[in-house]
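*Asks:* A single structure is presented below for examination.
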Amino acid sequence: MTEIIINNIQKNYKDKKVLKHISTKFEPGKIYGLLGRNGAGKSTLMNLISNREFPTSGEMTINGETVTENEKSQAHIYLSSEKNYFSKDFKVKKIFKSAESFYGEFDWDLATKMIDRFGLDINSKIGGLSTGYNSITKLIIALCLPVDFIFLDEPILGLDANHRDLFYEFLMETYATRPRTFVIATHIIEEMEKIFEHIILIKNGEIIDDGDVEDLLNSSVMLEGDSEKIAAIEDNFNVFYKHSFTGISKLYVKNKVDEAQLPEGISVNKLNLQEYFVGRTN
Amino acid sequence: MYFKFDERTPLYLQIADQIESAILKGIYKKGQQIPSTTEISKEYRINPATVLKGMNILVEKNLIEKKRGLGMFVTQNSQDEILEDRQATFYQDYVLKTVEVAKELNLSLEELQELIERGYQND
């Protein structure tokens, strides 16, 4: 099966190291969350994989063949990002048709359903669309192309709550019909937690977590209790985040903890992905 | 079926638990088909791998069974087994917690018993 392997990628902008020795892989038929704070390097990594930029060093392969400047490899990959690469004067339907001619196929059945349910006017010019409908146009292209690896950079920008929910529904539907790899960079973690299977967490150009959502969330817990009691046990744990408020402290730790072995009054709580993210990237 | 999720329990366990509840309440009766992984995934916007993991717990417990090419079906003794299982864990899951809260509120055993009787009659 096809997978993308990223091996020791570096990317510098002049003296600035934007990505430092990045190694990971994207397996077939999985939904990845690519998470990180603004400027962490998420978009750069996606741009490198899709040849919008080129790495300073390192290699990326798909099926053992290089991804960089290789049309055959790129035919498997599609990146949908904030930047528009088509003329503002083009109509939406013309964009869809040109995507079809470029990639050889387009799922018009799905596109028609999405156009209808999102209420997109395909005779509008791209330049005249709101931010939300601009995102919707790009989502339709991404979901309807015949590629195995779809990278979505902030796909739900400007979408209202109803449209975001509709996108999640279509994503689950198309994923079930034709399992393929989605890599989604987003700041809307809480809403997408249930959709991700695997998380890659980038901080300052480095991958600090790379694992299944369930495993990551099982690796850590939040201890909560009286600040003095928490302070007394703090050194026994691998703490990655601490927050105190009016005499109560929360300690995020990368340990398995048995509540029975803690002093009375300290509770052990499971973290959700958003809390885990905030703790890990603060 | 109605799903309500909390954030403190792994999602796949919640899925298994909620399907169990639906079988217990008789929403899915013995021999009946339950919704597919895909249907649940789409309806609740949950990764199908997670839904499948939850379903597999129920398959291992023999509460549902897979019929090739058709889907998942409720087994013959499923409802009774879930009932027995939940009765067995009722003390651990609910009674201890209730007593703990009652003590925090300075409720005596007699007062707690009275409240339980009232709740039972009310229903």
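*Asks:* Take segment A:150-282, drop everything but the C-alpha atoms, weight them equally and run the Debye formula without solvent; then report log10 I(q)/I(0) at 0.22 Å⁻¹ to two decimals.
*Replies:* Values, matching the q order: -1.29.
*Asks:* Once amide H atoms are built 1.01 Å from N in the peptide plane, which residues 5 or more positions from A:Leu19, or in another chain, come under 5 Å H to H?
*Replies:* A:Lys11
*Asks:* Also: Using the 2.2 N^0.38 Å rule of thumb for compact globular proteins, work out how segment A:158-206 stacks up: its C-alpha Rg over that value, please. Write down the numbers at each step before the final one.
*Replies:* Details: Rg = 12.4 Å, N = 49, 2.2 N^0.38 = 9.7 Å.
Cα-based Rg divided by the globular estimate yields 1.28.
*Asks:* May I ask for log10 I(q)/I(0) of segment B:79-121 at q = 0.20 Å⁻¹, from a Debye sum over the Cα atoms as equal point scatterers with solvent left out?
*Replies:* These q points yield log10 I(q)/I(0) values of -0.71.
*Asks:* With runs of 4+ DSSP H residues as the only contributors, calculate the mean residue ellipticity of chain A at 222 nm using -39,500 (n - 2.57) per run, divided by the residue total and rounded to the nearest 500. Present the calculation step by step, with values, prior to reporting the outcome.
*Replies:* Details: 10 runs with 93 residues, N = 282.
Per the formula, -9500 deg cm²/dmol.
*Asks:* Another one. With r defined as the distance between the Cβ atoms of B:Arg118 and A:Ala75 and R0 fixed at 56 Å, what FRET efficiency is calculated, to the nearest 0.05?
*Replies:* Values: r = 70 Å, r/R0 = 1.25.
Approximately 0.20, to the nearest 0.05.
*Asks:* Which residues' amide hydrogens lie under 5 Å from the amide hydrogen of A:Leu157, considering only partners 5 or more residues apart or on another chain, with H built in the peptide plane?
*Replies:* Here nothing satisfies the definition.
*Asks:* Another question, if that's okay. Cα-based Rg of segment A:46-157 per 2.2 N^0.38 Å, rounded to two decimals? Working shown, then result.
*Replies:* Values: Rg = 14.7 Å, N = 112, 2.2 N^0.38 = 13.2 Å.
Normalised Rg, Cα atoms only: 1.11.
*Asks:* Give the cross-link partners of A:Lys30 among the aspartates and glutamates, using a straight C-alpha distance below 13 Å as the criterion and excluding same-chain residues fewer than 8 apart.
*Replies:* Partners within reach: A:Glu3, A:Asp148, A:Glu197, A:Asp212.
*Asks:* Moving on to the next point. Counting only protein chains, not ligands or nucleic acids, how are A:Leu19, B:Leu105 ordered by accessible area (probe 1.4 Å), most first? Please list the in-between numbers first.
*Replies:* Numbers: A:Leu19 0, B:Leu105 115 Å².
Heavy-atom accessible area, descending, gives B:Leu105, A:Leu19.
*Asks:* So how exposed is A:Tyr175, as accessible area in Å² (1.4 Å probe, rounded to 10)?
*Replies:* A:Tyr175 exposes around 20 Å² with every protein chain in place.
*Asks:* Something else about it: What order do A:His187, A:His163 take when sorted by accessible area (1.4 Å probe), most exposed first? Don't skip to the end; give the middle numbers.
*Replies:* Details: A:His187 80, A:His163 35 Å².
So the residues, ranked largest to smallest area, are A:His187, A:His163.
*Asks:* What does the average come to when, for each residue of peptide A:191-198, you count the partner chain Cβ atoms lying within 10 Å of its Cβ?
*Replies:* 4
*Asks:* Do me a favour and compute the ellipsoid semi-axes for the protein assembly as shown from its Cα gyration tensor, root of five times each eigenvalue, largest one first, whole Å.
*Replies:* Numbers: eigenvalues 377, 175, 78 Å².
Semi-axes, largest first: 43, 30, 20 Å.
*Asks:* When a/c is below 1.5 the answer is rounded, else prolate if a/b is larger than b/c, else oblate, so apply that to chain B with a ≥ b ≥ c taken from the square roots of the Cα gyration tensor eigenvalues. Don't skip to the answer; put the middle values down first.
*Replies:* On the way: a/c = 2.81, a/b = 1.99, b/c = 1.41.
Judged from the Cα gyration tensor, chain B comes out prolate (a/c at least 1.5, a/b above b/c).
*Asks:* Hey, with R₀ at 51 Å, roughly what FRET efficiency would A:Thr56 and B:Lys67 work out to, going by the Cβ-Cβ distance, to 0.05? Show your work: numbers first, answer last.
*Replies:* Working: r = 55 Å, r/R0 = 1.08.
According to the calculation, E is roughly 0.40.
*Asks:* Give me D for segment A:119-192 in µm² s⁻¹, whole number, from Stokes-Einstein with Rh from the Kirkwood sum over alpha-carbon pairs, 4 °C and 1.567 mPa s. Kindly include the intermediate steps, with their values, before the conclusion.
*Replies:* Values: Rh = 13.0 Å.
Rounded, D is 100 µm²/s.
*Asks:* Just the number, please: buried accessible area between A and B, total of both chains, 1.4 angstrom probe, nearest 100 square angstrom. Numbers along the way, then the final one.
*Replies:* Details: alone 14020 and 9340 Å², together 21810 Å².
By this definition, chains A and B bury close to 1600 Å².
*Asks:* Got a sec to turn the phi values of segment A:14-25 into Karplus ³J(HN,Hα) couplings, 6.51 cos²θ - 1.76 cosθ + 1.60 with θ = phi - 60°, whole Hz, x for Gly and Pro?
*Replies:* 6, 8, 8, 8, 7, 10, 10, 4, 8, 10, 6, 8
*Asks:* Turning to a different aspect of this structure: What's the long-distance tail for segment B:11-77, i.e. % of Cα pairs beyond 21 Å? Present the calculation step by step, with values, prior to reporting the outcome.
*Replies:* On the way: 285 of 2211 pairs.
Cα-Cα pairs of segment B:11-77 separated by over 21 Å account for 13 percent.
*Asks:* So, in nm, how far is label A:Lys94 from label A:Ala231 when the simple model puts each one 7 Å beyond its Cα toward the Cβ?
*Replies:* 6.8 nm
*Asks:* Starting at the first residue of segment A:155-160, write each ³J(HN,Hα) from the Karplus equation 6.51 cos²θ - 1.76 cosθ + 1.60 with θ = phi - 60°, in whole Hz, x for Gly and Pro.
*Replies:* Using θ = phi - 60°, the values come out as x, 10, 4, x, 7, 6 Hz.
*Asks:* Normalised by the residues of segment B:11-77, what does the relative contact order come to in percent, with Cα pairs under 8 Å and at least six apart?
*Replies:* On the way: 73 pairs, mean separation 27.0, N = 67.
Relative contact order for segment B:11-77 comes out at 40 percent.
*Asks:* A follow-up question, please. Calculate one ³J(HN,Hα) per residue across segment B:101-111 by plugging θ = phi - 60° into the Karplus curve 6.51 cos²θ - 1.76 cosθ + 1.60, and present them in order as whole Hz with x for glycine and proline.
*Replies:* So the Karplus estimates, Gly and Pro as x, are 5, 4, 5, 4, 8, 6, 8, 6, 4, 4, 5 Hz.
*Asks:* Order of A:146-156, A:225-235 by packing, highest average Cβ count within 10 Å first? List each step's numbers first, then the result.
*Replies:* Numbers: A:146-156: 21.7, A:225-235: 14.6.
The densest-packed peptide leads the list: A:146-156, A:225-235.
*Asks:* Quick one: which residues, 5+ away or cross-chain, put their amide H under 5 Å from the amide H of B:Ile34? H built at 1.01 Å from N.
*Replies:* Residues meeting the criterion, in which the H sits 1.01 Å from N, are B:Met72, B:Phe73, B:Val74.
*Asks:* Hand me the trypsin sites (Lys or Arg not before Pro) from segment B:26-123 located in a DSSP loop with no more than 16 other Cβ atoms within 10 Å, in residue order please.
*Replies:* Numbers: sites: B:Lys29, B:Lys30, B:Lys42, B:Arg45, B:Lys53, B:Lys61, B:Lys66, B:Lys67, B:Arg68, B:Arg86, B:Lys97, B:Lys103, B:Arg118; in loops: B:Lys29, B:Lys30, B:Arg45, B:Lys61, B:Arg68.
Within segment B:26-123, the qualifying trypsin sites (Lys or Arg not before Pro) (loop, at most 16 other Cβ atoms within 10 Å) are B:Lys29, B:Lys30, B:Lys61, B:Arg68.
*Asks:* Let me have the relative contact order for segment A:220-281, percent, based on Cα pairs under 8 Å that are six or more residues apart. Don't skip to the answer; put the middle values down first.
*Replies:* Details: 102 pairs, mean separation 26.9, N = 62.
Over segment A:220-281, the number comes to 43 percent.
*Asks:* Evaluate peptide B:35-45: per residue, the Cβ atoms of other protein chains within 10 Å of its Cβ; return the mean as an integer. If you can, show how the numbers build up before the last one.
*Replies:* Working: counts 0, 1, 1, 5, 2, 1, 8, 9, 2, 4, 11.
That works out to 4 on average.
*Asks:* Another question about this same structure. Using only the alpha-carbon atoms of segment A:220-281 as identical scatterers, what base-10 log of I(q)/I(0) does the Debye formula give at q = 0.17, 0.22 Å⁻¹?
*Replies:* Those come out to -0.49, -0.84, one per q.
*Asks:* At most 13 other Cβ atoms within 10 Å and a DSSP loop assignment: could you name the trypsin sites (Lys or Arg not before Pro) in segment A:74-181 that fit? Present the calculation step by step, with values, prior to reporting the outcome.
*Replies:* Working: sites: A:Lys83, A:Lys88, A:Lys91, A:Lys93, A:Lys94, A:Lys97, A:Lys113, A:Arg117, A:Lys125, A:Lys138, A:Arg164, A:Arg180; in loops: A:Lys83, A:Lys88, A:Arg180.
Loop-located and lightly packed - A:Lys83, A:Lys88.
*Asks:* When only alpha-carbon atoms count, how far does segment A:4-215 stretch along each of its three principal axes, as whole angstroms with the largest first?
*Replies:* 45, 36, 31
*Asks:* Evaluate peptide A:167-173: per residue, the Cβ atoms of other protein chains within 10 Å of its Cβ; return the mean as an integer.
*Replies:* Working: counts 1, 4, 5, 1, 4, 12, 3.
Average per residue, whole number: 4.
The values are calculated or read from the model by the stated rules, or taken from the named source; none is laboratory data. Since the model is a prediction, treat every value here as computed from it, not as a measurement. In this analysis, Cβ positions are derived from the backbone assuming ideal geometry, glycine residues included, and neighbour counts consider all displayed protein chains. Just so you know, the surface numbers come from the protein's heavy atoms only, side chains and all, with ligands and any DNA or RNA stripped out. Shrake-Rupley method; radii C 1.70, N 1.55, O 1.52, S 1.80 Å.
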